[in-house]
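Structure record follows, encoded as structure tokens.
Derivation of every value follows stated rules applied to the coordinates shown; laboratory data play no part. On a predicted model such as this, the values are computed, not experimentally measured, just so you know. Don't worry about glycine lacking a Cβ; one is built from the backbone with ideal geometry, like all the others, and counts go over all protein chains shown.
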Amino acid sequence: METKGTKTVDISVIVPVYKISENYLRICIESLIAVRNTPVEIILVDDGSPDNCGVICDEYASRDDRISVIHQENQGVSVARNNGIAAAKGKWLCFVDADDWVEKNYYEMLAPYTQSLYDVLIFADYENNKKVACKGLKGVLQTASYEELCWRLLLPNKYKESNEMSSPWGKLFSREFIARHKMRFEPRLWMAEDRLFMLDALVKYPNVDCFDTYYYHHRIHIASVSKMYNPRIIEWVSTYKTYIDKRISSRLCDEIKRNEMNFDIITLSSLQSDCNRIYFFHPYNPKPYRLRRDEFFEYIENRPWIKKSIKSVKVRELRPIHAIVLIFIKLHCFFMLNFMYKLRYWLIH
């Protein structure tokens, strides 16, 4: 296990890079190299970024022999991370998003854990500088059934800890564990690939532990992939649903349980839909109001599983925000949905 130099590698840090603010990218890399002579390798994967990101990656690689750069045609974050995994030499794999950053002494913070025999180590993190603890997850992960793992990982916001479970950042993965199970991110997914990767990891019931050690800073901002206007999101969500169906069908033989889980996931997903947030009701969607309204109800009408779930689910069973969305959908009140989503967008951003 050697870097470009001669040092043994404890941790391989994999950073997919695509159309990131130059300032954010430099902050990220600077935080990773802040402490010199640490036994880590930093793999920057330039996913065919059309801006100056690739040049910045090469600039840092020329200055620090712990950094290597992979340049690839634009194939999405899944392929970028997979190529990073294939190139990694460390005992542990650590994923960092290029618009996030780590504590400058992150290696010293993680070093005590690198001698452990665990498969997955989960750490607390900061989200826009707010602490998000994770230690309570250990009991859940040790006792959760497959159904509960699905609900917690595939239904964002249903559980307070869903973000910590469903993202690959803020964790250490044993490279031996990843290799043994031939784990990779789904290449066809450009969004929500992290949830499926974590589900694939946790259903192997790895030896896992959680620590309230805060070394990772997750930046939530208006230009992130999950917040930007995306006209292809309907296609991406359809692909994502196909992969979910495949996993549930392969793990659950009981048809009633399988149908219940599918119904739950479809219902809540439709009420907190990425299609709603970053397409139909996104402030930067250039389509006229009436066209968006017609597209929205046509989208529901042409997908029987969504139509059925919206018709059948009980308002009292939902969290308040989802109940409000459901009521407006049932009333065909596009104006109020549009107002609510746009107000929420501007309040957050």
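Annotation: the antiparallel percentage among DSSP beta bridges lying fully within the range 11-218 is about 30.
Report the one residue of L137, S167, P50 whose Cα lies farthest in the direction of the positive end of the charge dipole of the range 11-218 (charges on C-beta: Lys and Arg +1, Asp and Glu -1; origin at the Cα centre). Result: L137. Checking (i) 5, 24, 32, 24, 12, 3, 0; (ii) 5, 17, 19, 18, 12, 9, 9, 6, 3, 1, 0; (iii) 6, 26, 36, 23, 8, 1, 0 against P(r) over Cα pairs in 10 Å bins from 0, in percent calculated from these atoms, the matching label is (i).
How would you rank V96, V35, V69, going from fewest to most other Cβ atoms within 10 Å of each one's own Cβ? Don't skip to the answer; put the middle values down first.
Working: V96 25, V35 13, V69 19.
By the 10 Å Cβ count, ascending, the order reads V35, V69, V96.
What is the angle, in °, between the Cα long axis of helix 334-348 and the longest principal axis of the Cα atoms in the chain? Nearest 10 is fine, range 0 to 90. Result, in degrees: 30. Secondary structure note: in the chain, about 30% of the DSSP beta bridges are antiparallel.
Are there any trypsin sites (Lys or Arg not before Pro) in the range 1-106 that are in a DSSP loop and have at most 10 other Cβ atoms within 10 Å? List them by number. Listed in order of number, the matching sites are R36.
Subtract the Cα-Cα distance of L291 and K307 from 0.36 nm times their separation in residues, and report this length gain in nm to one decimal.
On the way: separation 16, 0.36 × 16 = 5.76 nm, distance 1.99 nm.
That works out to 3.8 nm of additional length.
Only four residue types carry charge here, +1 at the Cβ of Lys and Arg and -1 at the Cβ of Asp and Glu. Report the dipole size of the chain about the Cα centre in Debye, rounded to the nearest 20.
Details: 50 positive and 44 negative charges, 254 e Å.
The dipole of the chain has a size of about 1220 debye.
Projecting the Cα atoms of Y279, Y299, P39 onto the charge dipole of the chain, computed from C-beta unit charges around the Cα centre, puts Y299 farthest toward the positive end. When +1 charges are put on Lys and Arg Cβ atoms and -1 charges on Asp and Glu Cβ atoms, the dipole computed for the range 11-218 relative to its Cα centre reaches about 580 debye. Sorting E73, E301 from the fewest to the most surrounding beta carbons within 10 angstrom yields E73, E301. For the chain, the longest principal axis of the alpha carbon atoms and the long axis of helix 320-330 meet at an angle near 50°.
With the simple model of a label 7 Å out from the Cα in the direction of the Cβ, T242 to Q142 spans 4.0 nm.
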